[in-house]
Each structure stands twice: as structure tokens, then as C-alpha cells.
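The values are calculated or read from the model by the stated rules, or taken from the named source; none is laboratory data. Everything quoted here is computed from the prediction, not taken from an experiment. Cβ coordinates were reconstructed from backbone atoms using ideal geometry, including for glycine residues, and neighbour counts include every protein chain displayed. Side chains included, ligands, DNA and RNA excluded: accessible areas come from the protein's heavy atoms. Shrake-Rupley method; radii C 1.70, N 1.55, O 1.52, S 1.80 Å.
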Amino acid sequence: MKKWQTKWKKTGILAMGVLLGTTLLAGCGGNANQPGGVADKDKTATGEAQGPLKLSIMSLMYAEPPKADSDVQKTVEAYTNSKLDISWVPNSMYKDKVNVTIGSGELPKVMLVQNNKDSNILNAVRSGVFWEIGPYIDDYPNLSKMSKAVFDNIKVDGKIYGLYRARDLSTFGLIYRSDWLKNVGLSEPKTVDDLYAVLKAFTLDDPDKNGKQDTVGLTEEKAMEGFNVIASFMGAPNGWEVKDGKLSPDFLAPEYFEAMKFYKKLYDEKLIKQDFPVLNNQQKKDDINQGKAGMVISNMIDAAAYQASLTKTFPGADVDVVSRIQGPKGERTPGGQGYNSVFMFPKSSVKTEEELKQILNFFDKLSDQTMLDLLGWGAEGKHYKMEDSKPVFIDQKLFDTEVGSSYLQLQVAKYTAKTPGMETPLMEKYGKMIRDNEEIAVNNPSNALVSDTQTTKGNELKPIIEDARTKFILGKTDEAGWQKAIEDWRKAGGDKVIEEFSAHYAQINS
């Protein structure tokens with residue numbers, strides 16, 4: 001057994017598999033047009049019939065690893081004409097495992113890399129460790145439809161060295177208690193001023209009608225994910241912007257400082273959780289679920305879970321979402337990278353172009369609707385059932401444990417690419433918002449750029465700005481202190497990052 005396949009018993013993690021059992025539509029001759037249905041196996045992109053592709057993969061998982069003879073894996077293997085040897089690595093240990101694996105030189109044929117711009121990955125790419133796949137993508141019906149803009153984001157020195165796992169570009173919005181909004185007599189916020197008025201009413205006007213002033217408008221946590229959304233509403237750049245042909249960080253923009261002042265106003269007036277700098281994401285969620293806070297700025301898909309949790313505890317509770325807030329520059333929302341992690345293919349284990357094409361064909365087949373539905377819904381009768389010709393989860397927790405935490409991680413298409421299921425009006429609403437908001441998403445131009453200084457010192461530079469931002473909001477420093485922090489950032493390597501990003505931008509846009 002190769003080193004990279006070593007089980008994680010040494011770290012105390014038991015490799016206990018979960019058997020899906022019973023009926024898998026994908027393995028039982030089901031209709032290819034419904035979740036899990038089987039379609040005929042294709043030939044590879046070369047047009048030659050192939051025997052089963054022996055494919056070693058290193059991927060992450062979020063629960064316990066499934067058994068290699070699980071029904072889902074057997075179905076995937078049958079559909080894609082492959083024999084899989086998957087090394088499942090816990091998410092918390094994944095980055096370290098990648099580093100060790102690359103250092104050992106004993107690499108699988110497919111390796112999932114969480115950040116292909118990390119210095120060790122960049123060095124490996126530039127040393128010829130991984131295959132360039134850009135010239136092959138258009139040969140595959142599903143892979144060729146993947147976003148060219150996102151492929152640009154993962155490029156290294158202008159070339160594509162992997163398949164990205166696609167994600168929705170813009171998912172953030174305001175999730176709020178709509179029953180509270182009715183209780184305080186206000187309407188859905190459409191402007192930043194409206195937003196302030198709602199947060200104030202949620203704090204001061206007894207929105208839960210219990211006769212006590214025991215609620216707060218906005219809950220937040222130490223990472224301040226919501227701040228970037230507010231900054232975008234204010235007109236700030238998303239991470240970086242291009243000014244006069246050069247890259248400039250968002251925190252140099254005056255609109256960013258306006259967002260800081262808005263947060264400080266919320267803090268000074270106690271309209272935001274006063275201990276947010278020490279809260280984590282779960283505590284932020286608890287504030288909503290326990291009826292302590294009326295709004296959270298988060299991924300909009302969280303709204304359904306909030307709705308389900310709240311109605312169990314507070315009969316009559318209701319949740320809604322809004323994502324388009326009118327600001328000085330119109331409606332804007334921060335756009336993400338459009339992907340989460342990249343599958344890369346080492347030359348030491350994928351020795352020929354023909355084998356590379358077979359592997360790309362495997363991932364192309366995984367993007368067929370049949371496979372998207374198997375990995376997105378699981379087994380009919382166990383994980384989901386059909387209602388009005390649409391799938392609906394029977395036990396999503398079981399699905400997450402047996403399929404979603406492992407096999408779904410192999411998918412390069414968006415999770416939302418599966419056949420639409422039974423959805424509540426709230427789910428339909430935020431689903432449409434996520435799709436529509438791509439047109440107003442503000443891109444981060446540094447996504448496609450590389451700065452050696454950012455790669456090596458980014459983790460040191462980031463806290464300089466974030467700590468100063470928090471201190472300003474809490475009133476522990478003033479504007480002069482904020483400007484000093486910017487100067488400290490510049491001297492610690494920030495100016496070098498600007499220089500390197502700007503040079504790379506000029507190079508790829510010349």
C-alpha cells in the first residue's frame with residue numbers, strides 16, 4: 001500500500017464505512033431522466049473503447065469514510081467504467097496531508113488541492129509536477145461548458161492545471177425575521193438607510209412582543225463575513241480593484257471606511273451583538289435560532305435551516321431574505337471565486353496523455369445528470385422519495401453522512417446542478433436570487449493573479465488590517481490609528497504585494 005493511502009487510524013480517526021444499502025436507482029436500471037437513473041457508458045474522448053480505468057484519488061471528507069464496496073461507489077464505477085481507489089482525508093487535516101504527499105513523491109492519479117495558489121503548489125506546478133489540461137477541456141461535452149472566467153481564476157502563469165469544483169458566484173444576503181418586521185411595522189429594506197432602520201427597530205421596539213428589550217438587530221462573528229457584504233453595498237471593491245492599471249486593496253477605498261463607520265454606528269448604538277469579536281459561526285447561528293437576534297448576513301441557503309429551527313421553538317416565526325440593497329453605486333454584491341478546490345493530475349502517476357484523457361472523461365461522466373442526481377440525492381426510498389414527480393429528502397442528515405460528506409466532494413459541477421427537488425417558496429426565492437445576483441456580482445481581480453509575497457506573507461499581513469478594523473468599530477482606535485495600520489501593512493510587505501499583483505495584471509492583460 002502506498003503511503004498516501006495509509007489509513008488514518010494512527011491519528012485516531014477510525015475508517016468505518018457506511019453502507020448505503022437497498023435501492024439505488026442508479027444501480028437498478030432506473031430511468032436515466034430521474035435522480036439516479038442509469039445511462040449507457042460512453043467511450044473516452046479518444047473514441048476508443050476502454051477497460052475499467054484504475055483510478056487512485058485523494059479527496060477530502062467531512063464525516064467518516066465510506067467503504068470501497070458501498071453501493072454508491074459501485075454505481076459510480078459502473079457508470080464511469082472505472083475502478084476507484086479513494087483515499088478519504090478529514091477536512092481538518094487535508095492541507096497537511098497534501099503537503100506530505102507532494103513531499104513524498106508518491107502521488108495518486110488525482111489529487112484535490114484546496115488552494116492551487118499556495119506556494120508549495122505553485123512551486124510544484126512550475127517544476128512540472130502536474131499536467132496542463134487547458135488544451136483538452138473542449139473535447140468533453142460537460143467540461144467544455146464550465147465557466148471560462150472561473151478557469152481564468154485558477155490559471156497559473158496563464159495555463160490551466162486542473163479541474164475546479166464549481167460553486168455559485170454570489171450567495172450572500174440578509175436573512176431576517178420577517179415576523180419581527182411585521183411586528184415593528186416596517187417593510188423589507190431596500191437601501192442602507194432602510195437597513196439601519198430595521199436593525200434599530202429589531203433592537204428597541206420589542207419585535208418578539210414579549211414585553212422585554214432583550215433582542216438585537218444584527219448578529220455577527222469574529223471573521224465578520226457580513227462586513228464585506230455591507231462594504232459592497234457601500235460601493236467598496238471586492239478584495240482588490242484596478243485603478244489606473246494597478247491593483248489596489250479594498251481597504252484603501254473610501255467606501256470601505258464608510259462601511260467601517262456604519263458598523264461602528266451599529267456597535268455604538270448596540271444594534272449589533274456587542275461581543276461579536278469573540279463569537280464563532282455556530283454562536284452566530286444560535287443567536288438567530290434562539291430568538292436573540294433578528295438578522296444575520298450569511299449564505300442565503302442557510303435561510304431554510306433557520307426557518308425549520310425557529311418554527312420548532314417559536315410557533316409563528318417566519319424567515320425571509322433580501323440580497324439587493326441600493327447603495328451609492330447601485331445594487332452590488334461581492335462575487336466569490338466561483339470554485340472551491342481544484343483536482344490536479346500528477347505526471348509521475350498519470351504517465352501518458354491517453355491516461356490523462358481517460359481521467360478527464362471520468363470527470364466529464366460525473367457531470368452527466370445521472371451522476372449529478374446520484375451524488376446530489378442518494379438512494380430513492382432511503383435518502384429521498386418522489387413527490388409530484390420531484391425528489392425530496394427523507395433523511396438529509398443520513399444523506400449528508402453517507403453521500404454528501406464524501407462522494408459529493410468528487411463532483412466538479414455545482415451542487416445545485418442536480419435535478420430540482422420539492423422546494424418551499426423561501427428556497428425558490430433565494431435560489432432565484434443566487435442565480436440573478438451573478439449579474440451584479442463584483443469580481444475580485446486578484447483571483448487570477450499571483451504574488452509571491454502574498455503567498456508567503458498573506459497570513460501575516462491580513463491580521464494587521466482586520467485587527468485595526470475591529471478596534472475602530474469597537475472605539476479602541478480612531479481614524480489616525482486606522483491609517484497607521486495601513487502604513488504598517490505597507491511596510492510589512494503590502495507594497496510588495498501591490499507591486500507584484502500589478503505586474504502580473506499588466507503581464508496577462510498586455
Given the structure, is residue 277 open to solvent by 10 Å² or more (accessible area, probe 1.4 Å) and without any contact (Cβ under 8 Å) to a residue 60 or more places away in the chain? no
Within the stretch 155-166, residues touching a strand residue (DSSP E or B) at 6+ places or on another chain (Cβ under 7 Å) and either at pLDDT below 95 or among the small types (Gly, Ala, Ser) (or both) come out as 162, 166
Inside the stretch 283-302, can you point out the residues that are open to solvent by 50 Å² or more (accessible area, probe 1.4 Å), modelled with pLDDT of 95 or more and over 25 Å from residue 211 (Cβ atoms)? 283, 285
Given the residues 351, 385, 365, which is the only one that is in contact (Cβ under 8 Å) with a residue 60 or more places away in the chain and basic (Lys, Arg)? 365
Selection from the stretch 27-75 of residues at pLDDT 50 or above, over 24 Å from residue 350 (Cβ atoms) and exposed (fewer than 13 other Cβ atoms within 10 Å of the Cβ) yields 69
Checking residue 259 against (1) over 21 Å from the mean Cα position of the chain (by Cα); (2) more than 20 Å from residue 332 (Cβ to Cβ); (3) open to solvent by less than 20 Å² (accessible area, probe 1.4 Å), the condition it does not meet: (2)
Given the condition modelled with pLDDT under 95 and under 27 Å from the mean Cα position of the chain (by Cα), answer yes or no: does some residue in the stretch 179-198 qualify? no
Name the single residue, out of those in the stretch 438-452 being over 19 Å from the mean Cα position of the chain (by Cα) and open to solvent by less than 20 Å² (accessible area, probe 1.4 Å), that is nearest to residue 148 (Cα to Cα). 449
Selected residue [touching an Asp or Glu at 6+ places or on another chain (Cβ under 8 Å), in contact (Cβ under 8 Å) with a residue 24 or more places away in the chain, within 14 Å of residue 249 (Cβ to Cβ) and of a type in the set (A, V, I, L, M)] from 485, 492: 492
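Table: residues versus (1) closer than 30 Å to residue 53 by Cα; (2) hydrophobic (A, V, I, L, M, F, W, C); (3) open to solvent by less than 10 Å² (accessible area, probe 1.4 Å); (4) in a helix (DSSP H, G or I).
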{"position": "360", "(1), (2), (3), (4)": "yes, yes, yes, yes"}
{"position": "371", "(1), (2), (3), (4)": "yes, yes, yes, yes"}
{"position": "385", "(1), (2), (3), (4)": "no, no, no, no"}
{"position": "397", "(1), (2), (3), (4)": "no, no, no, yes"}
Turns out the helices (runs of 4 or more DSSP H) fully within the stretch 173-237 with at least 3 residues that are without any contact (Cβ under 8 Å) to a residue 24 or more places away in the chain and open to solvent by 40 Å² or more (accessible area, probe 1.4 Å) are 192-204
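Matching residues to (1) outside the structural domain of residue 90 (by TED's automatic domain parsing); (2) closer than 27 Å to residue 114 by Cβ:
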residue: 385; (1), (2): no, no
residue: 388; (1), (2): no, no
residue: 391; (1), (2): no, no
residue: 394; (1), (2): no, no
residue: 399; (1), (2): no, yes
residue: 404; (1), (2): no, yes
residue: 417; (1), (2): yes, yes
Considering each of 456, 370, 424 in turn, give the residue that is out of contact with any strand residue (DSSP E or B) (no Cβ under 9 Å at 6 or more places or on another chain) and closer than 30 Å to residue 499 by Cα. 456
Is one or more of the residues making up the stretch 91-100 open to solvent by less than 50 Å² (accessible area, probe 1.4 Å), under 19 Å from the mean Cα position of the chain (by Cα) and in contact (Cβ under 8 Å) with a residue 60 or more places away in the chain? yes
Say we look at the stretch 347-358 and pick out the residues that are assigned to a loop (DSSP other than H, G, I, E, B) and either on the phi > 0 side of the Ramachandran plot or not hydroxyl-bearing (Ser, Thr, Tyr) (or both); which of these is most open to solvent (accessible area, probe 1.4 Å)? 351
Restricting attention to the stretch 303-325, the residues that are among the aliphatic types (A, V, I, L, M), open to solvent by less than 10 Å² (accessible area, probe 1.4 Å) and within 22 Å of the chain's Cα centre (by Cα) number exactly 3
How many residues are over 24 Å from residue 269 (Cβ atoms), of a type in the set (Gly, Ala, Ser) and within 29 Å of the chain's Cα centre (by Cα) when one looks only at the stretch 456-505? 5
